[in-house]
Every structure is written in C-alpha cells, then in structure tokens.
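FYI, it's all coordinate maths here, none of it is from the lab. This is a predicted model, so every value here is computed, not measured. A quick note on method: Cβ atoms are made from the backbone with ideal geometry, for glycine too, and the neighbour counts reach across all protein chains shown.
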Amino acid sequence: MQSLLNPRWLFVLSSAPVAILLFVQYGSYDIIESQLSKESITLWIRFGILLVALWVIHIAFALWQILKRQRLTWIYGVVALLLYIPLLYFYQMALDDLIPRNIPRWMLSEDTVWYAGSFIMPTLMHALIVIMVDLTHHAEKRKPWISFAIAVFIPVSWYLFLQFIFPLWQRVERSFFNEHVLIVFMITSVIIFLFFLMRGIYIISVKRSGFLQKYKLVWKILFVVCFPLAGLYVNNYEQWMIFGDFRNKWFFILAGLNGVTACLPALDQKNYRLILFLVRSITFTYILYFFLVFLPYLPFSIIAVIAIGLGFLMLTPLMALIIQSKMLSEDFSYLKKYHPGKTVIALFITGAIVLPLALTWSFLKDKQTLDNALKYVYEPDYSKTKENRINNTGLATVLDHVKENKDRRMGFNRQTPFISSYYNWLVLDNLTLSEQKITQLEKIFFGSPSQDSLPDLSFNTDKNISITHTIVSSVYDNKQQSWKSIVELEITNKNPFQAEYVTTFTLPTGTWINNYYLWINDQKVEGILAEKKAATWIYQQITSFRRDPGILYYLTGNRIAFRVFPFEAMQTRRTSLELLHKEPAIFHLDGHIISLGNEAQREIKKEITSQDGNFVYIPASIKNTLPLTNRKACYYFIMDCSAGKKDLSAMYDQLVRRFIADKNINPQHCKFILSNTYSILYDNLDNLPAALASTEFSGGFFVERSMEKILFRAVDEVSNTYPVMIVVTDSMNNAIVTKSLSDFSNSIPESDCFFALSTTGKLTPHSLVVNPKEPLQDTIGINDTYHVVAWPNAVHPQAYLRQNGEPSIILKQTLIQPTALPGQSTGWDAGLVLHGQWMSHILHPEKTDEMWLSLVRNSFAAHIMTPVTSFIVVENEAQRKVLLKKQEQVLSAKKFLDLGEETRMSEPDMWLLMLGACLVLLYRRKHLKKFLSPRQTN
Amino acid sequence: MISTIKFAVKRNVNLSLIALALLVAAWIKFFHAQSSTDDLLVILTPVNSLIELLHGSHSAYQADEGFYHASLSILIDKSCAGVNFFVLLFGVLIMMIVPVCNSLPFRLLCLPIIFVVSYVITILANTIRITCAIFLLQFKNEVPWIALLAIHEAGGIFIYLTILITTYLSVQFLSHKVKLRYAKST
C-alpha cells in the first residue's frame, strides 16, 4: 500500500482515466453540438476547460514530484478530493443542461451519464488511500477496532438521523442551502466512512501479532470466502441482478478458489509458496475485476448499509483487494529471496493474464461458431456438395449468451459488467443479432417449432395516404447515351392524424436510382447515399421521435421500399426521385403509371456490353429477335428430413415412385435432395431408399437452401433442361423459407413456380417470388410446356431468357472478381456494372467478405443506389453525424471480417514507433556505448 | 571569451537548424493528417512500383482510394504511406548530423541531403514492411483476426525500428570515423 504513494501512480490512476473521459465526452459533444442551445454549449466548454486544466495540473504535479523524488502526502489527497468531488457534484447537477431532454437518447451511448463518475472514481479512491496510508504511521502498533468502530458509527448515526431528526427537518422550508447541505454532509460521511474502514483493514493486514492476528484465518474466511459468496448469492437472489448478471457458475467457482488460496497458510517452503503465489496471481484478476465493477458504487455503499444491512457486502471487493494485495506482497518478498525479482514479476504477470486469456479464448471459440453458422445461413457456397457441420451444442450456448446480452428488463441490468461489452466487441463487433436472425438460426439448426414469422406490418400501406400528383420529366443525355428522368411526387395524408407513407414498387430492368430529394419546410433536401443497414437503423430511430426522414432501399430483386415520415393530418408533401435508364420504360408506383423517356424515340438496336466486359444488357427489341426454344424438365424431389420426420421416410420412396408413374415421368430425369439443416443432392433416384436409411433426421427443414442450390446449378451450368422442384413433406408450414426467391427469378425463365407433394399424394403449386409457403390458386400443371429464347443463338446458347417483352441483363460468368468500377464507367454504364456485380454476389454469397466493401464503395463512387446502399434524407446535422458514425461502425465491422481479403497495409502509429524507439534506445544505451567505444579507441 | 561566443553562436545555429527541421517534420505530419491519398502519390507511387516488381502483381489506381492489388487483395493507400517513419527518421538524422557539421553552408547543404536520404530509406523500409505484411496474410485463416491485426502492427513496428536503429548506428559509426580522421589530420 505504501507503493501507492509513488507519484507515478497518478499517470495510471488519474491522468489516463481523465484523458479517456475527455476523449469520450468530446465524442458525445461533437454529435449533439448542433442540437444544443448556446447556454448548454457554454456549459460544455466550461466543464471541458475545467477538466483539461485539472488534467494538466495533475500531470505537472506528478512530474514535479517525480523530479523532486518526493512521495505523495495526505495534503495531495485532500486537495485532489476537494477539486474532483465538487467537479463531479456540479457535473451531476448540470447534467440536464449538458444533455437536455430534447436530445434523443439513441444519439449517445446508454452509459454516457455514468462516464464522469466512472472515470473520476479511480482518482478519488487513490486520493483517499494516499490520505489513509500517509496518516497511519506505525500501523502495526495501532488498534484496528477504533477505526472499525468509527466506520460503524457513521451509518448508525445516519440511520438515527433519518429516523428521528430528518422528519423534523422536512418541516423546515426547503431551500437551496439546506438541500445541498444534506448532500455535502452525506458525501463527507462517505469519505470518512471509507477512510476508517480501509484504515481498519490496513492495520489488520500489517499487524504481526495480537488478537486479530491470532484468529487471522477466521476473518480471512469471513472476508474472502463468506462475504464474496454471500454477495454473489444476494445479487442473483430472485434474479435481482442489481449490479449485473453474475449467475455463471464460474463466478462461484472462482470465488471459492480465491477464498481457499487466500486462507492457505504461508509455509516456509519455496516450491509451495511459488505455486501458491501463481494461483493467487490468477485469482487476483478476479477480485480486481469486482473491485473495478463496484468502484463507481462505493460512494453509495453507506446508503446501502443504512437502507439494508446487507449493503456492507458492496464493500467486499474493496476489503478483499486490500487483504489479497498484502498477501501477494508478502509472497513476493518471500520468493525474492530464492528467485530473481524479474522472474517473480513475470510469474505474477503470467498468472494475472490467465483469466483474461481464458475468457478471450472462450469468446473467440464462440465467435468462430457463430461466424460459421451465420456464414452457412447468410453467405453460403451453393457449389459445395458437402457442407461443414456446425457444432450445435456450441451454437446453442452462443445464442443463449447473445440473448442474455440483449435482454434488459425491469430496469435492472442483465449484462455482466465489462465482460458483456467485451463479448459484444469481440464476438459481435459491437453490433447485435436481431430477434429474427436468432429465431431463424434456432429453426434451422435445432428445428425449433416453426412459427410463421409475423407478417411484415411495416409495408402495410395506408390507403388514405397516397400519391396525389406526379410529374415526370425525361432528358436524353447524348454523351452518356442514356435517359435521365426526374419523377416528382406529391403525397397527401387524408387521415385526421399523423401518418407515415409507405409503399413498394418494382423498377424496370436496367433502371437505376441515382438521387432522391425530400422537401422539408419548403427546402429541397438532397438524400445521402449511405450503407443500407446504417440508413435503415437511423430511419427507425428518427421515426420514433417524429422528425423528417425519407428513405429508399432495395428489398429483393428490383423491388424498392419507399417511406416518408411524418405526414400531419391533411398535409401534402413533395419528394422526387432521379432515375437513369437506357431506353423508355414504364413502371407502377402506388397505382400511378410512371412513363420514363419517350417511347417514340431512342429504341436501342444492339446489345450493350458493360465496360468491364462481364455483363450484357439485351434490349427488348433484340430479345424479340432471338430464337424460341423449349427445354425438357428435370425433376428435383426435395425430401423433408428434419427432426421428427423419421417415421415418414418409409413412405417417401413409395410416394415418389407412385407420383412419377402417375405423371408419366422418366425416372432418369429425376434427382433428389435430402433436406434438413443441410442439403445433400443425389443424381440417381435409385439411391433414395439407401440414402434415407443412412441420413440423420435432425434440425429444421431448410428448404430454401435446397432450392437455392438447384437454382444456382441452373444458372451455373447452362443446359437444355430446366429444373422443376417438388417439395415432399407432410406440412409446408414446417418448411423454412426466410425470403422471396425473386433474386433468382432469372435462373428458371420457364416458370416462377415450384410444387409441394403432400404425404397424401396431393400436388399444389407455389410461387418462388411471392409468399413461397402459400399455395397458388392458379392451375399450373407439372407437365406444362414453356417457350424461352436462347442467347446468343440456339446452337451454342450461353443463357436462356424469358419471353416477356422486357430487357434482360446477363452475366457472362457467374463469379466476378470484386474490382473498382472501370475508369470510364459513369452514369448508366456504371449502374450496369453495379447491377452485374450484385447479380454475381447473389450467386456467390460465399464471397461476401471480399465483395461487400467493393459493392458499397462502388455504389458510393457512382452515386447509384444498389441493394447494399440506401438513399436517406435526414433533418439535421446531428442525425447526419450519427448516420455516418453508424455507417463507419457497420463498415469497419465487416472490414474485420474480410481481413486479408482487401487489407490496408497501414503503417504503425507514430506514438508507438516513438515509444518503441525510446524504449530500445534507453535499454540499449549502455550496450551502445560499449559497441561504439572500441571504435573510438581505434 | 571568443571561443565561448563561437561556441554559443555555433550552438544557436545548430539549435535553429534543428528547430527548423523539426518544424518541417511537424508540418509534414500535419499535412499528412489533412491530405488525401492523391496528395501522397509522391511517396506511394515508388512503393507501389517496388511491390509490383517484387510480387509480380498489377495494381489499379482509384482516385482517393489508392492502389488496389487484386491478386494480393491489398490496398496501398494514405495510411500505408510511411509518413510517420519518414518524420521520425528525418528528425533523428537531423539531430545526429547537423551538430557534427563544421560550417554553416555545410549544415545548410545537409538539410536537403538528409531529406532525400530519409525519403529513399522510407520507401525501402515501407516496401520491406508491406512485403512482410503480405507474407503474414497467408495465415489469415489459421489465426484469429485480432491476433493477425496485432501481428501486423507488431511486425510493422519491428521492421521500422530495426531499420531506424540500424540507420542510427550506421550514422553514429560513420560520424565517429569522420571525427577520428579529422582529429588525426589536424
């Protein structure tokens, strides 16, 4: 404890936390500055200057003490307390002015209001310890019970005061003075209480004889075994979790282990002491963790003691830390007699990092499992015939962990302090898994009961809020050889209440959105092209606070979501879209027909190849001239092999045989997929009984993956057959289909349908594009004939296209290496490249890590919206800053995932280099002199 | 008395020159913070050419982004310019060499020479650092990304410090040699 009087501690315990506080608070201020009043800004600046001044004075004082080789005295402690406590006090009083209530809380971190207390507390505690140690000379001769008696006296007297005197006080007129007197009085009591409590423990820990020394084991068991375990029990009692979630069994195991090692006798055996020292070093991190967790609550400990007697358990980490530090110090002195000091320090460091490393290792394993599961579901490799199996037990643990981290209820924090933040940072990159994704993972990997996901209410359009007027103006750009159309919309809310305008529409093929505007208070505000996840997040946040955003983004395929908020009762607002297109086009928007370009002019007579040569745009006029053909059907039976369906396996073979016989299908044209969490494709129907017998019926019926694999195969291997998919299951409700498969609509130009074959032999058609799980009412036969066109000719076709009078875009090869946009690509041409790259990404989601950043970056460079970006109009500068910050977070999270795919070759930081150079030169100074000296004498 | 004045003048000139050089270094650092990738082409282009030569890869330059090597999956941009190393090396060399020069013109001549030498060494050091980082990338699937980031950073520091200290020792050695020769000749 004496070592804490060394002024070097000021850098660690004072300057560093305050520097972090300054940095963090500046970040908060920067975000909300534009929303603050002049008075609030002045207040922020004053507090900032005050804190910087204190920080500078603290550093200067520490340097001065080091140069003078003086230790810290009680005077320093008193001055530090007198400076920092009022600062903290005034900060808390001014908090409502610093962060006014009109600032939406989502703009700042949830813990912003606690930062000042948390980062200044180490300074306060250190100052208190300095006073205590400096004023406790000859501690071994002092009587600890006097200190304990005073410490106990303080909460007792407060209790009496609150019971008997405070009721009388309330009759006195409340004034600024008497209100603050009470608080100042309380703070002073807390300081005195902590002072005497620490002093008592300190005296016990340095005493070599006496009553307490005689019964050392008893109070050790009390302080480091009983109290910590009781504290954990009380915290977790009835799931109170007042200070966080400490229910994990390891907290109890480590508390027990720590208690046992602390109670073991200090025998005069060097090997025994070495092992004891190592184990104590390991568990020291545990007790240090709890000390840091409880540090911000220490000032409230006295209140807890007064209010409920068990409040003294809050002081356990403080008491245990003092006792264990002392024991480690004694072990260290003993071991130094037998081993070099550096070896003992190295041993301590090794022990101290065991728990953090073990935690990190366990988290990294979680990350690996979660990444593999997410990759399998969201970034699959369709070309793989055999999938790597995911460890289901590990995944269940991770999902439980993620759910616990997300859960905050009843105002109590169910997170584990620091550890949850570390987990979120390391495993989840500070993002989170949505409920929807967690449910999907559980359905796919564990076959959890398949509840139909709730209908997406967010796209339920209100008929009373609609487009009332449209103006379309198109200009042909001769240089770009393409059209630029501006679609101006007037939207009116006929409701007698505030409402949001929501619609979806399908863009014609080869049309891209390259700008978006919204009129806010008669001002035309241009949209920001932002990363899609960040933009939709900010839109949701803003709409909860009744501000003015508008947003556009892709759903699936060419379908676009368009939202504007808010519309007051009977209000009309204006908004406009800017579109790029190669030829005249028509689309429907909220019941209005939007005609782009002039139909009479500019019909294109040739195919257009993108600048990079990977994609071809085939205009409708050219498509009409391509040769017509009809391909043979190839039947894919997708068998439901999910958990609990083993009983059905016996009838599957008979069902399929009977079906192909009834429909007169050649078995040679049939393949089958055994589908559960994984999809395994078999080319020969004769293998069905053997395959069913050997497969494991587990997990969910992930039919979507089976279909995607078939659709991918249809594009990747162009052939004269087309796939007809037949799902064999007793219930389509059991099938997992998370989205529309419209992204794959080009894969089978013949039809957008698949079929479900029930165990009763009933065949029902379903759509791949709209609500795949719902049966279609149309009568579509399995043997219907379809005509398609072959490109570029029927003899050597490279692609088959739907005969629908619309243009098409073709990928010359499915896998395109992610590259920057070709230099000459601008406007519509850039849009073609972007669209092609996105089509390639759909077929190769396993390359997401490599392609995603390129896709976002290229979209920004061309200023054209793609399925990874979104146009959003925000109301003010603060919202724009939050959007950019969120975008940076999303982009950097992905950047880590694609580390090594497009890695920046960043050089080390300047300060790291300077530090390294200084350390090396200081360490090698003598050796350098030796190295140089022989040469000097030569 | 005269020798004292001479010493004082010499010392002040040295200090002024060192201060001037450090000011230049600080300005470069400031310029680096404000600049874009395009502004740093003078230092990035030769590094990129050397990387292309050493690894047989071809890069595509995109304005404000940098040199993208598709075959290596790396991006050489503003953050890889080596300006930190240049500033440090330039400062160290100035402080070592200027005080041992005998005459003012010689000292003034030293400044641009040190600038050019620092530039050349920076390009070589940066090329070596990036080459090592490319070598490390092959372990991307075996090592957790957090460890790989730390190794990348530590590798960069190790290479820069090795080159910095080697340069320091070499200059120290040469200056002693020159001093001895000068002492013998007089």
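Worth a mention:
- Extended-chain gain in nm, criterion 0.36 nm per residue less alpha-carbon gap, residue A:250 and residue A:764: 179.6 nm
- Quotient of C-alpha Rg and 2.2 N^0.38 Å, computed over the stretch A:773-884: 1.46
- Cα shape, the stretch A:1-95, gyration tensor, a/c 1.5 rule: prolate
- Ordering of A:472-482, B:92-102 by burial proxy (mean other Cβ atoms within 10 Å per residue, highest first): B:92-102, A:472-482
- Shielding by partners - mean other protein chain Cβ count within 10 Å, residues of B:128-134: 2
- Sorting B:150-156, A:528-534 by their mean Cβ neighbour count within 10 Å, with the most densely packed peptide first, gives A:528-534, B:150-156.
- Residue A:358-residue A:278 pseudo-label distance in nm [points 7 Å out on the Cα-to-Cβ vector]: 1.4
- All-pairs Cα distance distribution in the stretch A:682-789, expressed in whole percent, bin size 5 Å: 2, 11, 19, 24, 22, 14, 7, 1, 0
- A Förster distance of 25 Å, applied to the separation of the beta-carbon atoms of residue A:162 and residue A:237, puts the FRET efficiency at 0.50.
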